[in-house]
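The values are calculated or read from the model by the stated rules, or taken from the named source; none is laboratory data. Please read all numbers here as calculations on a predicted model, not as lab measurements. With ideal geometry, Cβ positions are generated from the backbone for all residues, glycine too; neighbour counts draw on all protein chains shown. Ligands, DNA and RNA are stripped out before the accessible areas are found, and what is left, the full protein with its side chains, is counted by its heavy atoms. Shrake-Rupley method; radii C 1.70, N 1.55, O 1.52, S 1.80 Å.
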Amino acid sequence: MQASAPYPVVLTYNQMVVDKEPIHDDEGATDLLFGALADPIRRDILRCAHEGRLSVSALAREHPISVTAMQKHVAVLERAELVSKHRVGRESIVHTQTDALARAHAALDRLEADWRGRIERMEQILETDKGDS
Amino acid sequence: MPVTDVDKDIDALTMTITAKFDADAERLWELWSDPRQLERWWSPPSHSSTFVEHELTVGARTTYFMTGPDGEKHHGWWRIEEVEPPHRLHIKDDAVDDEGKPDDGGPTAMTVTIAETDGTATMSIQTHFADRESMEQMIEMGMEQGMTETLNQVDPLLGAARA
């Protein structure tokens with residue numbers, strides 16, 4: 001058995017998800033970050049755009065979605081400050097932000113989120129067991 | 001909300017989360033010491049955890065795995081470093097070698113502190129990263145293993161915390 005499962009190669013994309021996810025301006029940075037990461041295609045974009053050579057349309061060609069849908073995904077990542085965009089001629093080149101500090105913040109935010117979930121479940125256990133006894 | 005405080009120290013690379021529970025210290029300790037209880041809270045609802053070996057004795061190694069919705073398994077190992085029931089626990093994550101076997105000296109650790117006053121117990125969990133590199137690794141792993149369900153589940157919690 002493997003120590004960790006490889007990233008699934010075949011991803012099923014639900015195009016509706018892009019439109020269904022509400023993005024509110026008053027959302028905190030953490031929400032933006034988690035919202036942005038909570039989608040397999042966006043995580044894949046972060047990997048693809050690591051070297052900063054691909055345009056929005058090139059990224060769209062590598063995924064089974066339209067350029068418009070890709071633009072929406074990139075916009076979500078941009079608002080979470082996970083990617084930046086710059087123009088080269090007529091193309092918009094997407095570059096994953098690998099700034100160490102931003103990533104460190106992201107890691108701590110991830111941990112906080114994991115532990116909030118765990119503490120919530122701990123409380124549920126305590127309450128359930130109290131009810132049983 | 002049971003969470004009373006979250007402290008993120010970007011320089012020390014620690015995240016400390018504190019929560020208050022309507023229970024005594026012994027009861028909170030059981031959440032950590034009893035593998036069957038640990039299994040009920042360790043992984044997000046999309047996964048199930050199985051603690052194969054788990055005993056809170058200094059030097060003991062915990063062996064566990066999480067099973068995802070598609071049946072994929074993620075294995076993990078802990079090294080129990082400090083045990084002071086029911087107040088203090090220090091656990092290091094063991095590294096994983098190329099063959100997926102546990103190796104000493106993982107990059108992350110956690111310290112659990114439990115204090116009790118008048119039947120209300122407070123639990124603090126401090127997580128440590130050895131260095132920036134291990135932090136980056138965790139992000140990469142999180143992405144690779146697909147934390148969508150965890151994130152979806154946690155999002156409303158974060159919303160509730162602020163409200």
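Out of the residues in the stretch B:1-21 meeting the condition of being assigned to a strand (DSSP E or B) and among the charged types (D, E, K, R), tell me which one is farthest from residue B:120 (Cα to Cα).
Only one residue tops the list, namely B:9.
Considering only the stretch A:100-133, how many residues are within 21 Å of residue B:123 (Cβ to Cβ), within 7 Å of chain B (Cβ to nearest Cβ) and modelled with pLDDT under 85?
3
Take the stretch B:1-45 and flag every residue that is among the hydroxyl-bearing types (Ser, Thr, Tyr), under 17 Å from the mean Cα position of the chain (by Cα) and open to solvent by 30 Å² or more (accessible area, probe 1.4 Å).
Keep residues of the stretch B:1-45 that are among the hydroxyl-bearing types (Ser, Thr, Tyr), which gives B:4, B:14, B:16, B:18, B:33, B:43.
Now drop any that are not under 17 Å from the mean Cα position of the chain (by Cα), which leaves B:14, B:16, B:18, B:33, B:43.
Matches in the stretch B:1-45: B:33 only.
Looking at the stretch B:69-85, which of the residues that are within 14 Å of another protein chain (Cβ to nearest Cβ) and part of a loop (DSSP other than H, G, I, E, B) is most open to solvent (accessible area, probe 1.4 Å)?
Of everything passing the filter in the stretch B:69-85, B:70 is most open to solvent (accessible area, probe 1.4 Å).
Search the stretch A:40-61 for residues being modelled with pLDDT under 90 and more than 14 Å from chain B (Cβ to nearest Cβ), and hand back the single one that is least open to solvent (accessible area, probe 1.4 Å).
Restricting to residues being modelled with pLDDT under 90 and more than 14 Å from chain B (Cβ to nearest Cβ), the top hit is A:52.
Results for (1) of a type in the set (S, T, N, Q); (2) in contact (Cβ under 8 Å) with a residue 60 or more places away in the chain; (3) closer than 27 Å to residue B:127 by Cα, shown as yes or no for each residue.
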{"position": "A:39", "(1), (2), (3)": "no, no, yes"}
{"position": "A:52", "(1), (2), (3)": "no, no, no"}
{"position": "A:66", "(1), (2), (3)": "yes, no, no"}
{"position": "A:69", "(1), (2), (3)": "no, no, no"}
{"position": "A:78", "(1), (2), (3)": "no, no, no"}
{"position": "A:91", "(1), (2), (3)": "no, no, no"}
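For the subset of the stretch A:60-88 comprising residues that are out of contact with any Ser or Thr (no Cβ under 7 Å at 6 or more places or on another chain) and small (Gly, Ala, Ser), which member is nearest to residue A:50 (Cα to Cα)?
Filtering first and then ranking leaves A:84.
Just give me the residues in the stretch B:68-113 being at pLDDT 90 or above and not hydrophobic (A, V, I, L, M, F, W, C), in sequence order.
Listed by number, the residues that qualify are B:79, B:81, B:82, B:84, B:85, B:86, B:87, B:88, B:90, B:92, B:111, B:113.
For the stretch A:114-133, enumerate the residues that are open to solvent by 40 Å² or more (accessible area, probe 1.4 Å) and touching a strand residue (DSSP E or B) at 6+ places or on another chain (Cβ under 9 Å).
A:120, A:123, listed by residue number.
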